[in-house]
Every structure is written in C-alpha cells, then in structure tokens.
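Accompanying notes for the structure given below.
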Amino acid sequence: MNIRTVRSVLLTLAVIVAAPAASAPPLKAGVFDPPRDAPLFSLQSSGGGKLELRSYRGKVVILGFGFTWCTDVCPVTLATLAQARRKLGAAADDVQVVYVTVDPERDDPARMKAYLHAFDPTFIGGTGEAAELAAVRKDYGIVAEKHVKGSSYSVAHSSSTYLIDRRGRLRALMPYGRGADDYVHDLQILLAE
C-alpha cells in the first residue's frame, strides 16, 4: 500500500467511527466524559425502609440534594422535575427522582414523604444520620453549609441535579434554573439508550 491509500483508509475509518457520535444529539446538561459509576449509597427512604441507589438500575435517575424547609431553589427544582415527568408521559415510568436531604435535623422520612408527594407522588427522599449524609455529599461533590438566623437556620447547598443512566453511570449534571424541556430532552436521549 502506498501512503495515499493508507491515508484514505484511515480517513474513511475516522469518518465511520465519528459518525455515530456526531449523529447522537448532545445533552443539554454538562456531560461526564467519560461517564463513570455513580457512587452508591444506602439511606433511610421517605417511602419506608432503605433507599439504595442500586435498586433503580434499569431506570434513569435524577439525583438532587436539598431540604424541605428550603424556600427558593428546592421548590423550583422539584416543580420543574414534576413538570418534566408529566411531559414524558408513559416514559416517565422509567425515570426515578431521588432527593437527598442536606438537613437531617429536620428532614425525617415522614416529612420528606409529605413534602415530595406534593410535587409528585413517585419522588423518593433520602435521609439518615448527619455523618452518612455528609459521606454521600462528599462522594457527589455537594456543598452544604448551615446558616443560623436567630432561633432558626437555613442551609445553603449545591443546586445542580445529576442524571444517572440505566446502568448506574453518571452521565450529566444539570445546572439549576434549566427548564422542564431541557430535562425532557436529555431524559429522552438517556431513555432511548
């Protein structure tokens, strides 16, 4: 083979290999490239019993962190996720929203269940001891800082949500403020895989 033929073959192979990647629509969220396994955890579930991330393999998981006393970010995020699930129609059965508290002092399973149920009865909350929740936040790079205000307090926390594919891999990080249509777009891509 001469140099020209080798170049032609290599160029053809490059186009063939790149074609599937180029034809796949990009996610709207920031992607993990390459995807990596989502850190596993086991917490108290708002539905009773244990909340284990591995039990949702086969579904696309949206993982968020927040708390029930939140007045700004959390209700907006949860309302957006509920709207996205409604827009997905029957496909929403293969999507699970998991919301882990950053405020274990006030967020027991019953309170989380009532709070999340107001947005969507399928949403599951996770709570537990402060140390185990801190370990989960560390694994996911979540920051949470308690701010005391008189006799009460608030918790400033990371506000992005993780998109985890059916195989349990971190695929994307959706920043706060994105609309339901962006979630629907990305979820449809992940559901089709």
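Tabulated values for the structure
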item: Answer label for semi-axes √(5λ) of the Cα gyration tensor in Å (calculated), chosen among (1) 38, 17, 15; (2) 28, 25, 16; (3) 32, 19, 15; result: (1)
item: Over segment 27-192, relative contact order from alpha-carbon pairs under 8 Å, at least 6 apart, %; result: 36 percent
item: Dipole of the chain [Lys/Arg +1, Asp/Glu -1 at C-beta], most positive-end residue of 124, 77, 170; result: 170
item: The chain, helix-only ellipticity at 222 nm - DSSP H runs n ≥ 4, -39,500 (n - 2.57), divided by all residues, nearest 500; result: -11500 deg cm²/dmol
item: Estimated distance in nm for a label pair at residue 94 and residue 37, the labels positioned 7 Å out from Cα along Cα-to-Cβ; result: 2.4 nm
item: Test item: Cα-centred dipole of segment 75-137, Lys/Arg +1 and Asp/Glu -1 on Cβ, debye; result: 320 debye
item: DSSP beta bridge pairing in segment 27-192, given as percent antiparallel to the nearest 5; result: 70 percent
item: Rounded to the nearest 20 debye, dipole of the chain from Cβ charges on Lys, Arg, Asp, Glu; result: 520 debye
item: Environment charge at residue 56 (Cβ cut-off 13 Å; Lys +1, Arg +1, Asp -1, Glu -1); result: +3
item: Kyte-Doolittle mean at least 1.0, axial Cα span of 20 Å or more - DSSP H helices of the chain; result: 3-23
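None of the figures in this text is laboratory data; all of them are computed from the coordinates on show. In this text, all values refer to a predicted model and were calculated from it rather than measured experimentally. All Cβ positions, glycine included, derive from the backbone under ideal geometry; neighbour counts span all protein chains shown.
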